[in-house]
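The values are calculated or read from the model by the stated rules, or taken from the named source; none is laboratory data. Quantities reported herein were computed from a predicted structural model and do not represent experimental measurements. Cβ atoms come from the backbone with ideal geometry, glycine included; neighbour counts cover every protein chain shown.
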Amino acid sequence: MKLYKYIVFVILIATMFGCKEEDHPYVGYIVVQRAVIEASGGSTTLTADTDISDPIRVIGIDDEGSEWCSVSVNGKELTITASQANPSKDNFRTATVTLRCGYRVTEFTVLQKYEGQQYLEYDWTLWNATGSDVQASDGGGYPSLFNNDRTNFWHSQYSPALTEPLPHQIVIDMQKEQPVAMVQIGRRYYAENGNNYPSVKTMEVYAGTDNENYTKVGGFSFSLPWTAPDGTIVNGNSPLVPPYEEVILDEITTARYFKLVITETNNTNGTCQVSYFKAYEPL
């Protein structure tokens, strides 16, 4: 009897594990990249990457997107159409399209640009930074570089004072390699009087994939005194100073790391602030 029960037990175990592959058969893959459409509307065509021979079917477009976005399928080619212009002058809009191919269900995003849009900001949620020096008690330190609140900022060390204050270096880790066409460097903002701080005079921007080998890809210089567009001569902190600098890279660069090297400041003690760092992909 014991032998019989043992045999039955072995058969049950074999059946369970033997059926596991049947319970989860390979169903193939399908990948569709993001579709980008001009602000004025129109169509673009993408080719799905799939190993499934079954036809591709559109099974849904989110409620907001269904008002302006449509998708037609011809084999592996998908034609995405925006039936109307983007009504916003300064915000892109998106739609989420759901597809089925065989047993596989996937989604992709349709982005309709706003007029004149060339870049799209990367999500900085998981980014971090280190550097040559920081006054963490003033402004919030390195984490402040990934916050739109410009009253938070990285401040160079001043207590104790550095023997050689310049250059300052900040290294940004985006956690993965991404193609970047532009970066934006935010200036400190003082809410009580609306001043922006032009403390950084010269910054060089370097990019790399391994945090060891870097290539210079851009930079900027902002010297005081500076003449505002209205003709006002600015000699220090002022609401007239631009809130940020846009650095369009010499060429689209795939990088994980950015190194910001501040070689000059608009003061005599070499101290400065940076409120944020943003990176943008090309559209």
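Only one of the listed residues (LEU46, LEU120) is in a strand (DSSP E or B) and within 22 Å of PRO243 (Cα to Cα). That residue is LEU120.
Just for the stretch 195-227: of the residues that are of a type in the set (D, E, K, R) and part of a loop (DSSP other than H, G, I, E, B), which one is farthest from the chain's Cα centre (by Cα)? Restricting to residues being of a type in the set (D, E, K, R) and part of a loop (DSSP other than H, G, I, E, B), the top hit is GLU212. The residue that is nearest to ARG57 (Cα to Cα), among those in the stretch 88-113 that are touching a strand residue (DSSP E or B) at 6+ places or on another chain (Cβ under 8 Å) and of a type in the set (Ser, Thr, Tyr), is THR98. What is the residue count in the stretch 210-246 for residues that are among the polar types (S, T, N, Q), out of contact with any Phe, Trp or Tyr (no Cβ under 7 Å at 6 or more places or on another chain) and surrounded by 13 or more Cβ atoms within 10 Å (Cβ to Cβ)? Of the residues in the stretch 210-246, 1 are among the polar types (S, T, N, Q), out of contact with any Phe, Trp or Tyr (no Cβ under 7 Å at 6 or more places or on another chain) and surrounded by 13 or more Cβ atoms within 10 Å (Cβ to Cβ). Within this structure, SER70 passes the test of being at negative phi, in contact with a Ser or Thr (Cβ under 8 Å, 6 or more places away or on another chain) and free of Cβ contacts under 8 Å to residues at least 60 places away in the same chain. Restrict the check to the stretch 228-248 and report whether at least one residue is at pLDDT below 95 and either within 30 Å of TRP127 (Cα to Cα) or assigned to a loop (DSSP other than H, G, I, E, B) (or both). No; the residues of the stretch 228-248 include none that is at pLDDT below 95 and either within 30 Å of TRP127 (Cα to Cα) or assigned to a loop (DSSP other than H, G, I, E, B) (or both). The residue that is surrounded by the most Cβ atoms within 10 Å (Cβ to Cβ), counting only those in the stretch 91-117 that are over 22 Å from the mean Cα position of the chain (by Cα) and in a strand (DSSP E or B), is CYS101.
The rows are residues; the columns are (1) assigned to a strand (DSSP E or B); (2) modelled with pLDDT under 95; (3) over 17 Å from LEU99 (Cα atoms).
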| residue | (1), (2), (3) |
| --- | --- |
| GLU22 | no, yes, yes |
| PRO25 | no, yes, yes |
| GLN33 | no, no, no |
| GLY60 | yes, no, no |
| VAL73 | yes, no, no |
| ASN86 | no, no, yes |
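The residue of the stretch 27-44 that is farthest from PRO282 (Cα to Cα), among those that are β-branched (Val, Ile, Thr) and touching a residue at least 60 places away in the same chain (Cβ under 8 Å), is VAL27.
In a residue-by-residue description of the stretch 76-87, the property of being more than 26 Å from the chain's Cα centre (by Cα), over 14 Å from THR45 (Cα atoms), assigned by TED's automatic domain parsing to the domain that holds ASP51 and not polar (S, T, N, Q) applies to no position.
Scanning the stretch 178-209 for residues that are under 14 Å from ILE248 (Cα atoms) and either surrounded by fewer than 17 Cβ atoms within 10 Å (Cβ to Cβ) or of a type outside the set (A, V, I, L, M) (or both) yields a count of 4.
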